[in-house]
Every structure is written in C-alpha cells, then in structure tokens.
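Please read the structure below before turning to the comments.
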Amino acid sequence: MSSFETFLQLHQQAEPLLLANIWDVNSAHIMEAAGYKAIGTSSHALAAAFGYDDGENLPFDLLLRVAKRVVATVKIPFTVDIEGGYGDTAAGIIEHIKMLHEAGVAGINLEDTRAKPSRQLRPADEFKQLLTEIAEELDRENIKVFLNVRTDAFLLGLPDALDETISRINIYANTGIHGIFVPCIVRAEDIETITRETVLPINVMCMPALPDFNALQSLNVKRISMGPFLFNKMSAQTGTLARNIIEAQSFAPLFS
C-alpha cells in the first residue's frame, strides 16, 4: 500500500486521525516514535523555526528540502501545508505539488485565502475553478496526493462563518479534493452541522475550546490537527529554561 493510500484510509475510519504537526526532522522523529500514525507540517511553526513570518514567506525551496529530508527519515505518511500554493495560477501550484509528490509526500493542505497584503478569502467560484484544474491535471498525470482544502471563514472570525463555510464546502465538494479543513471552529453544534453537510472528511484544529477527541469522534470529525500550538508551547518552555539557567547560575534547571 502506498503512503497516499495509507493516508487516505486513515481518513475513513471511525476514530479520527490525530495528525502530529511538525516543524523539522527532529520533531518528525519524535512524533513517529510517540506513536502517531501520520505527520504534517504546520506552516506557521515551520516558518517560525527558520525565522520567517507565516504567509508564504518561507521560501518554497527550503520547504521542499525539509520535506525531502522528513520523507527520507520517517516511515509514516507525511503531508505538507503549502498555504496558498506558492502561486496564483493552477499551473504554478501544480508544479509545486508535483515536486512534493516526487519527494514522497502523501498529501498537501491548500487554503482558500490570500495571505498578502492581508488575509482575505478568495472568491469561492474562482477557487473552485482553481481546485478543479489542479485535481484534473493531477489525475491526468496519475499523481496521487491527498488534497486537503482549508477554508478560513472561522479563522477570519467572520460573523456568518458557519453559513460561509457550508456554502464553500458545497462549492468545492465535487472538484476532486479529498478533505476539508476548518481551522478555529470549536462549537460542537457548528462542527456537527458541517460534518452533516458533506461526505468529505472534516479536519479541525487544536484550539483552547475545542471538544476532546471522543466528542469529536461522536461529531464525525475525521482528522484533528495540532497546528502551531505544540511548537509554541515548546518554544515558550525553552525560553523559560534558558532564563532559569541564568538566574540559577548553573545548569541545575535542566535536571530538575
């Protein structure tokens, strides 16, 4: 079974796929050793790890180099967040997806917002056409990559976020994509409404008010992402330890 087939199957089980979001090769190894069944980059965490702001500021060639190294050193499926695709045209985005596929990546995330100059939703019909062109070309070339589409009404805090999300899911549904990612949705009623709207697997993301994993399974969520939160927590703890070493004037805080 290919990495893509394994990854696809992980979205079709009763128990949601808990996706570990990584930012370098070492974090990929840690997550694999911890028992996660799949890993994926967090664009925010990966950019921050290399000193860039989120929003396609991390150079694509650096993203690709990290992807190649991760694939070469882990055995579980690996998906890559390519944000808006690092391109405005289907042809440009397809080239980036093909490079990642050749590296051995099982899936990608593609979002329906433009990050620059400020994050805003693309017109839904325009994005539908983009997705259709991408999926059709990948199919023609027999390139098997899990296309997870992120829709950002909740992330943007729109007052009509639920209605906008449902509308966009229905518009994107028959383009050839494999899943829908709705970051920042937290209310159980909203999640249940969305999972009832589509047969596509729904992906939610770590948030303070997100229901626990058993509750998400009962709501028919199929994928749960960490986003950048583990990276942020580890960075904060590293900062605390670094300050404690200075205050203690010894390395004792590393061993306490």
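The values are calculated or read from the model by the stated rules, or taken from the named source; none is laboratory data. Bear in mind that the values here come from a model prediction, so they are computed numbers and not experimental data. Cβ atoms come from the backbone with ideal geometry, glycine included; neighbour counts cover every protein chain shown.
All of (1) in contact with a strand residue (DSSP E or B) (Cβ under 8 Å, 6 or more places away or on another chain); (2) without any contact (Cβ under 8 Å) to a residue 12 or more places away in the chain hold for PHE4 with one exception: (2).
Within the option set VAL105, VAL66, VAL80, VAL70, being buried (at least 20 other Cβ atoms within 10 Å of the Cβ), under 18 Å from ILE202 (Cα atoms) and either in contact (Cβ under 8 Å) with a residue 12 or more places away in the chain or of a type in the set (Phe, Trp, Tyr) (or both) holds for one residue only, VAL80. ARG243 satisfies every condition listed in (1) closer than 22 Å to PHE154 by Cβ; (2) out of contact with any Leu (no Cβ under 9 Å at 6 or more places or on another chain) except (1).
Going residue by residue through segment 177-189, is there one that turns out to be among the acidic types (Asp, Glu) and surrounded by 15 or more Cβ atoms within 10 Å (Cβ to Cβ)?
Within segment 177-189, not a single residue is among the acidic types (Asp, Glu) and surrounded by 15 or more Cβ atoms within 10 Å (Cβ to Cβ).
Yes or no: segment 148-159 includes at least one residue that is under 23 Å from ILE94 (Cβ atoms) and either more than 18 Å from the chain's Cα centre (by Cα) or among the β-branched types (Val, Ile, Thr) (or both). Yes, segment 148-159 contains at least one residue that is under 23 Å from ILE94 (Cβ atoms) and either more than 18 Å from the chain's Cα centre (by Cα) or among the β-branched types (Val, Ile, Thr) (or both).
If you check ARG140, ARG122 for being over 24 Å from ASP160 (Cβ atoms) and either of a type outside the set (Ser, Thr, Tyr) or modelled with pLDDT under 95 (or both), only one passes: ARG140. Would you check which residues across segment 48-62 are over 18 Å from LYS233 (Cα atoms) and exposed (fewer than 15 other Cβ atoms within 10 Å of the Cβ) and list them? Of everything in segment 48-62, those that are over 18 Å from LYS233 (Cα atoms) and exposed (fewer than 15 other Cβ atoms within 10 Å of the Cβ) turn out to be ASN57, PRO59, ASP61, LEU62. It is to be established whether one or more residues within segment 190-202 are aliphatic (A, V, I, L, M), within 19 Å of the chain's Cα centre (by Cα) and closer than 13 Å to THR151 by Cα. Among the residues of segment 190-202, at least one is aliphatic (A, V, I, L, M), within 19 Å of the chain's Cα centre (by Cα) and closer than 13 Å to THR151 by Cα, which makes the answer yes. Residues considered: ALA14, ALA20, ALA45. Of these, the only one that is surrounded by 20 or more Cβ atoms within 10 Å (Cβ to Cβ), outside any helix (DSSP H, G or I) and modelled with pLDDT of 95 or more is ALA20.
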